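Taking it in order: structure first as structure tokens, then the write-up.
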Amino acid sequence: MTRCLVWGAGAIGGTLGAHLARAGHDVTLVDAADEHVAAVHRVGLAIEGPIASFTVRVRAFTPDTLAGEWDTIVLATKAHHTEAATQALLPHLAPGGCVISAQNGLNELAIASIVGPARTVGAFVNFGADYLQPGVIHYGGRGAVVIGEIDGTITPRANAIRDAWLDFDTQAIVSRNIWGYLWGKEAYGAMLFATALTNESIADALAMRQFRGLYVALAREILAVADARGVTPEAFDGFDPAAYGPRAPDGAASRSLDALVAHNRRSAKSHSGIWRDLAVRKRRTEVDAQLGIVVSLGREAGVATPLTARLVELIHDIENGVRPLSLDTLDALT
């Protein structure tokens, strides 16, 4: 992959695209924010943080000014923009090309319904980054980076994408079980949504013993839906799905949560993007696209997810100004 289009140049897409461009890949960025695109045109895309600090010149367009076709398009929008973004990028996808979902959630399902399963590639990204201001991204912490075909095969194109992404993270891998990583992130992501009900950092919230039973229960609901769909979740960055099962040894979940706390304390990104949407950017979150879909899939599979559904409601309460970001709101979930 030496030529690619990154659709969505915010925290994830901007960090990935900037590193690939710096390494010599032919990268074009697309973003809906006029001011972000204008800043990249003027001075380049800046990456800040403890891991890397640089500015790279890279082509950037808004969707309405873009022309051309690409064999490789990396989709990095927020999950709830997936369908609209995939429809918008479709004219720019070459007939034999593919769309790679560098997002949170199970967005490969929506992408495949639009471009076709054969042109959809899965990706799991768990690094920490934030959009700070037009033209500036904060890259705060490393995390697992995994590429995989959604049918579980190992293909030359998946290997080629991994080889290119090694220029971003030298630990990037290809997996036959990309759905296992994505469902594992769904379970961990539910915990992150719970921490975002408060103003606490991810690490501080996960460390609170009084809420650990809640975190475990959330993970179990998500993992039960994954199991009903025949998915075996994968471990990453301290999250061990086996630790949250009903037959897990005593203390296993607590040890996994301790490992997640340690992982997040190593990152300069202290709060989740969910919290940032609520507290800083004052906008809607990805909760329906990330957790609402699990509730729907659970209903289809006959798996009850009442805690996850309640979490969705509480996030909406904060979005709508009905509840504050506070430990009391997290306590309401218990």
- prompt: So, in the range 1-42, of the ones that are modelled with pLDDT of 95 or more and of a type in the set (D, E, K, R), which residue ends up surrounded by the most Cβ atoms within 10 Å (Cβ to Cβ)?
  reply: ASP31
message: List the residue pairs whose Cβ atoms are under 6 Å apart, where the first residue sits in the range 51-62 and is free of Cβ contacts under 8 Å to residues at least 60 places away in the same chain, the second is among the β-branched types (Val, Ile, Thr), and the two are 6 or more positions apart or on different chains.
response: PHE54/ILE47; VAL58/VAL27; ARG59/THR28; ALA60/VAL37; ALA60/VAL40; PHE61/VAL30; THR62/VAL37
task: Test each condition in (1) among the small types (Gly, Ala, Ser); (2) farther than 18 Å from ALA289 by Cβ; (3) open to solvent by 10 Å² or more (accessible area, probe 1.4 Å) for ALA112 and report the one that comes out false.
output: (2)
Output for the range 146-172, where each listed residue is outside any loop (DSSP other than H, G, I, E, B) and open to solvent by 70 Å² or more (accessible area, probe 1.4 Å): PRO156, ARG157, ASP163
field: Flag if LEU93 is more than 22 Å from ILE274 (Cβ to Cβ) and out of contact with any Ser or Thr (no Cβ under 7 Å at 6 or more places or on another chain)
entry: yes
message: For ALA304, only one of the following conditions fails: (1) in a loop (DSSP other than H, G, I, E, B); (2) under 16 Å from THR198 (Cα atoms). What is its number?
response: (2)
query: Do we find a residue being over 19 Å from HIS25 (Cα atoms), aliphatic (A, V, I, L, M), at pLDDT 95 or above and open to solvent by less than 10 Å² (accessible area, probe 1.4 Å) anywhere in the range 95-107?
result: yes
message: Would you confirm whether or not the range 312-326 contains a residue that is small (Gly, Ala, Ser), modelled with pLDDT of 95 or more and outside any loop (DSSP other than H, G, I, E, B)?
response: no
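The values are calculated or read from the model by the stated rules, or taken from the named source; none is laboratory data. The model shown is predicted, which means the values in this text are computed figures rather than measured ones. Cβ coordinates were reconstructed from backbone atoms using ideal geometry, including for glycine residues, and neighbour counts include every protein chain displayed. SASA here: full protein model, heavy atoms, side chains in, ligands and nucleic acids out. Shrake-Rupley method; radii C 1.70, N 1.55, O 1.52, S 1.80 Å.
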